[in-house]
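Following: one structure in structure tokens, then a few remarks.
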Amino acid sequence: MNAATQFDTLPERRETEPGLVAVAMSGGVDSSTVAAVLQQQGRSVVGLTMQLWNQRRLPMFESDGPAEHRCCSLDDVYDARAVARHLHFPHYVVNFEEQFESRVVRPFVDHYLAGRTPVACTNCNTGVKFEPLLRMARQIGAERLATGHYARIRKNEATGRWELLRARDETKDQSYFLWGLTQEQLSQSEFPLGELSKDEVRALARRVKLPVAEKPDSMELCFVPNGDYVQFIHAYSRERGTPLNDAGGEIVNEDGQVIGRHNGVHNFTVGQRKGLGFAAGKPLYVLSIDGQTNRVVVGEDEALRRRSFEVQSLNWVSIAPPSAALRASVKIRHKHDPAPAKVEPIDENRLRITFDTPQRAITPGQAAVVYA
């Protein structure tokens, strides 16, 4: 059965209802607690759950047990519905499978095949969770969209810009994944958990007896249920009619000497040590990946450390695009501690970032997020 037959269909487009907030509900404790928080504030709530990926599409990824540690499964849809019933507000399932595949899944696969390491969650936030979901929220009359992200939004009255800030709970901060949000999207969005710790969120969920109060957090990519992204890339490529039979190439050292072979650059990411496919007398790491030549360069850990690199596809959030260099802290992956750096504009769409001290495994395809 499809979502339209299992769940309520969306109402016809209507005028905006003052005060109505649409909550993006994944079926997890965070987004469910958002709905409870808004209700406690006396606000009207409607729940929207996105159907993003057909979990039965690639049979080799199916499991007999529950889909633990990932979001957006059919079980999660039912959990979101159970929370809406518990809190007594309307809930709808919206099918964004086409947008999700074109804006998240296909770029994810293509980037890996080109030797880059993509950030799927950022693409999902920017291209699916906010842009089309905000449109859907307006369609059903909601003025604003609230999500369970751990981050904060505020308006700077002096500059007129909407600012994106880290969450109070730095161990849960998700601002790194939200760098692509526009001023318009930020102006219509709310992150009610940004001032709370995870423990406080759990306690609130228990206090209002949410059915998902003890549900584990999702950890894996929703479209790669077993966490094996290489297997997914092969399965998805076969489904697209482009199996990866001749994707092998050379593994070389920094001098260009061939020391091994591989069966596809999508098996590697910069900084990787395990799974190189050969034994060496000392630890070796992936230093770079060339998708054009299918060549993987490996070397010692010290060679992974660099100070300077360039970024493109810029989105200035809390400040206007600068005309001169500035000092900031820069984060080059989600678990990276922001490091002090000089940030220099090259042109309208490119920056050069130079860290004060070399940083490990600066990886093409990842996001570099600049913090004040």
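Per residue, how much accessible area does the chain have with a 1.4 Å probe, in Å²?
50 Å²
What whole-number distance in Å separates the alpha-carbon centres of the stretch 297-372 and the stretch 73-136?
Between the Cα centre of the stretch 297-372 and that of the stretch 73-136, the gap is 28 Å.
Quick one: with all protein chains in place, what share of the accessible area of the chain is carbon or sulfur, to the nearest percent (1.4 Å probe)? Could the numbers behind the result be given before it?
Working: 8530 of 18530 Å².
For the chain, the apolar C and S fraction of the accessible surface comes to 46 percent.
Looking at the stretch 248-349, which chymotrypsin sites (Phe, Trp or Tyr not before Pro) are in a loop (DSSP not H, G, I, E or B) and have at most 14 other Cβ atoms within 10 Å? Could you put the intermediate results ahead of the total?
Values: sites: Phe268, Phe278, Tyr285, Phe309, Trp316; in loops: Phe268, Phe278, Trp316.
Of the chymotrypsin sites (Phe, Trp or Tyr not before Pro), the ones in loops of the stretch 248-349 whose Cβ has at most 14 other Cβ atoms within 10 Å are Phe278, Trp316.
Rounded to the nearest 500, what is the 222 nm mean residue ellipticity of the chain from helices alone, with -39500 (n - 2.57) per DSSP H run of 4+ residues and division by all residues? Mind showing how you got there, number by number?
Details: 10 runs with 82 residues, N = 372.
-6000 deg cm²/dmol, from helical runs alone.
Using a Förster distance of 22 angstrom, determine the FRET efficiency expected from the C-beta separation of Thr293 and Asp110, and round it to 0.05. Kindly include the intermediate steps, with their values, before the conclusion.
On the way: r = 17 Å, r/R0 = 0.79.
FRET efficiency, Thr293 to Asp110: 0.80.
Expressed as cubic angstrom per residue, what is the convex hull volume of the alpha carbon set of the stretch 247-299?
68 Å³
Which entries in Lys198/Lys331; Lys172/Lys215; Lys172/Lys331; Lys274/Lys331 show an alpha-carbon gap greater than 18 Å?
Details: Lys198/Lys331 22 Å; Lys172/Lys215 16 Å; Lys172/Lys331 15 Å; Lys274/Lys331 24 Å.
Going by Cα-Cα distance, Lys198/Lys331; Lys274/Lys331 fall outside the 18 Å limit.
From the protein chains alone at 1.4 Å, what is the descending order of accessible area for Cys222, Cys121, largest first? The partial results should precede the final answer.
Working: Cys222 15, Cys121 65 Å².
From most exposed to least exposed: Cys121, Cys222.
What's the Kirkwood radius of the stretch 20-208 in Å, using all Cα pairs?
On the way: mean 1/r = 0.0576 Å⁻¹.
Here the Kirkwood hydrodynamic radius works out to 17.4 Å.
Give the range of the longest stretch in the chain that excludes all trypsin sites (Lys or Arg not before Pro) found in loop regions by DSSP and having at most 13 other beta-carbon atoms within 10 Å.
57-208
Ratio of alpha-carbon Rg to the 2.2 N^0.38 Å globular estimate for the stretch 303-371, to two decimals, please.
Working: Rg = 11.3 Å, N = 69, 2.2 N^0.38 = 11.0 Å.
Relative to the 2.2 N^0.38 Å estimate, the stretch 303-371 comes out at 1.03.
Taking the stretch 126-230, which GluC sites (Glu not before Pro) meet the DSSP loop condition and have no more than 13 other C-beta atoms within 10 Å? Working shown, then result.
Numbers: sites: Glu143, Glu157, Glu163, Glu170, Glu184, Glu190, Glu195, Glu200, Glu214, Glu220; in loops: Glu143, Glu157, Glu170, Glu195, Glu214.
Hits after loop and neighbour filter: Glu157, Glu170, Glu195, Glu214.
Using a 7 Å offset from the Cα along the Cα-to-Cβ direction at both Lys335 and Arg85, what is the distance between the two label points in nm, to one decimal?
Simple spin-label model gives 3.9 nm for this pair.
Suppose a student asked you for the relative contact order of the chain, using Cα pairs under 8 Å spaced at least 6 residues apart; what percent would you report? Could the numbers behind the result be given before it?
Numbers: 719 pairs, mean separation 61.7, N = 372.
Over the chain, the number comes to 17 percent.
Ranked from the most accessible area to the least, with a 1.4 Å probe and all protein chains present, what is the order of His262, His234?
Numbers: His262 20, His234 50 Å².
Largest accessible area first, the residues go His234, His262.
Take the alpha carbon gyration tensor of the stretch 102-228, find the square roots of its eigenvalues, order them as a ≥ b ≥ c, and report rounded if a/c is under 1.5; if not, report prolate when a/b exceeds b/c, else oblate. Mind showing how you got there, number by number?
Details: a/c = 1.58, a/b = 1.13, b/c = 1.40.
Oblate, because a/c is 1.5 or more while a/b does not exceed b/c.
Within the stretch 172-187, name every residue whose backbone N is under 20 Å away from a label modeled 7 Å from Cα of Asp199 along the Cβ vector.
Answer for the stretch 172-187: 172-174.
The values are calculated or read from the model by the stated rules, or taken from the named source; none is laboratory data. Computed from a predicted model, the values in this text were never measured in an experiment. Positions of Cβ are backbone-derived with ideal geometry, glycine not excepted, and every protein chain shown enters the neighbour counts. When the accessible area is computed, the model is the full protein with side chains, heavy atoms only, and any ligands, DNA or RNA have been set aside. Shrake-Rupley method; radii C 1.70, N 1.55, O 1.52, S 1.80 Å.
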